[in-house]
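Just below is one structure, and these are the notes that go with it.
The values are calculated or read from the model by the stated rules, or taken from the named source; none is laboratory data. Being a predicted model, the structure only gives us computed values, none of them experimental. Cβ: placed from backbone, ideal geometry, glycine included. Neighbour counts: every protein chain shown. Remember, those area values only see protein heavy atoms, side chains included, never the ligands or the DNA or RNA. Shrake-Rupley method; radii C 1.70, N 1.55, O 1.52, S 1.80 Å.
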Amino acid sequence: MNILDNIRVVLVNPMHGGNIGAVCRAINNNGITDLAVVDERPETDWNEARKLACNAREQFEAIKKFDTLREAVADCTVVAGTSARTGFYRDTSYPVRDFAPIALESAKEHKIALVFGREDKGLFNEELALCSHIIQIPTDELYRSLNLSHAVYICCYEIYTALGIFQPSEESAEEANSDLRERMFDLWREMMTETQFVHDQKLDHMMMGLRRIFNRGKLTVPDCKILMGLAKQSMWVADQWRKEQNKDKKMH
Ligand code: SAH
């Protein structure tokens, strides 16, 4: 059982279809698929919602609808209300990053809910009273309230990253060994002389600089091959140029 399958996102009385669609996409980006809408509004533009859901079409079709928040969270242990405001018992709220491990611990065995309020009025006190936890997304006091779908994204993102399952893509090319690196440096040394980039007395100094630059990151086998190819081609061009010059001299 995937822990993320136990996390339900609940939107209470949302206004804008566009936000509902954006939420479908946001939760799917973070591996969450259980979405409920409570007390839907007759004026909600569901076409706009479908558009904003983009490729989260399946998610959009799977939205569960409930009349009350109480019904939507009935099977959940942790019920976390989100709020941008202070006051009521929001003062004991958790910053969302601190809440993420609590959510994951419970979701190992139980359904849990993340509850989001209306765009215009947030969650009412009686709705917050149903919540076992209150979570807050840190913001500047200049403007505390996030767009609904952004708030959902950040909460789901914190939980997803806390799970630690994301694997960043790794360099697949083999790392160059010292022998290949030294052959590359030899060619560059030769190239810097052949192209008259540096005079002999400055060559060692320049090589030190070059080594420092190239050793700043890991050099792979293909990296070294590119650098060797570049050095060889530069020497070939320098040679052609010298031949042209000699020809000119002979003609004059
Ligand atoms: N005008 C409303 C804000 C609604 S924003 C108010 O004053 O309460 C819509 C919903 O996004 C909120 O109900 C909450 O669920 C979530 N949200 C927005 N900003 C948030 C924040 N800083 N922390 C936690 N949740 C937030």
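Overview of results
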{"read-out": "Residue that is more than 9 Å from the ligand (Cβ to nearest atom), open to solvent by 90 Å² or more (accessible area, probe 1.4 Å) and of a type in the set (A, V, I, L, M), where the choices are LEU163, LEU142", "value": "LEU142"}
{"read-out": "Positions within segment 95-129 being within 10 Å of the ligand (Cβ to nearest atom) and either outside the structural domain of ARG144 (by TED's automatic domain parsing) or closer than 15 Å to CYS155 by Cβ (or both), in sequence order", "value": "PRO95, VAL96, LEU114, VAL115, PHE116, GLY117, GLY122, LEU123"}
{"read-out": "Those helices (runs of 4 or more DSSP H) lying entirely in segment 145-252 with at least 1 residues of a type in the set (S, T, N, Q) and at pLDDT 95 or above", "value": "148-163, 178-194, 221-251"}
{"read-out": "The lone exception for ILE102 - which of (1) assigned to a helix (DSSP H, G or I); (2) crowded, with 19+ Cβ neighbours inside 10 Å; (3) not aromatic (Phe, Trp, Tyr) it fails", "value": "(2)"}
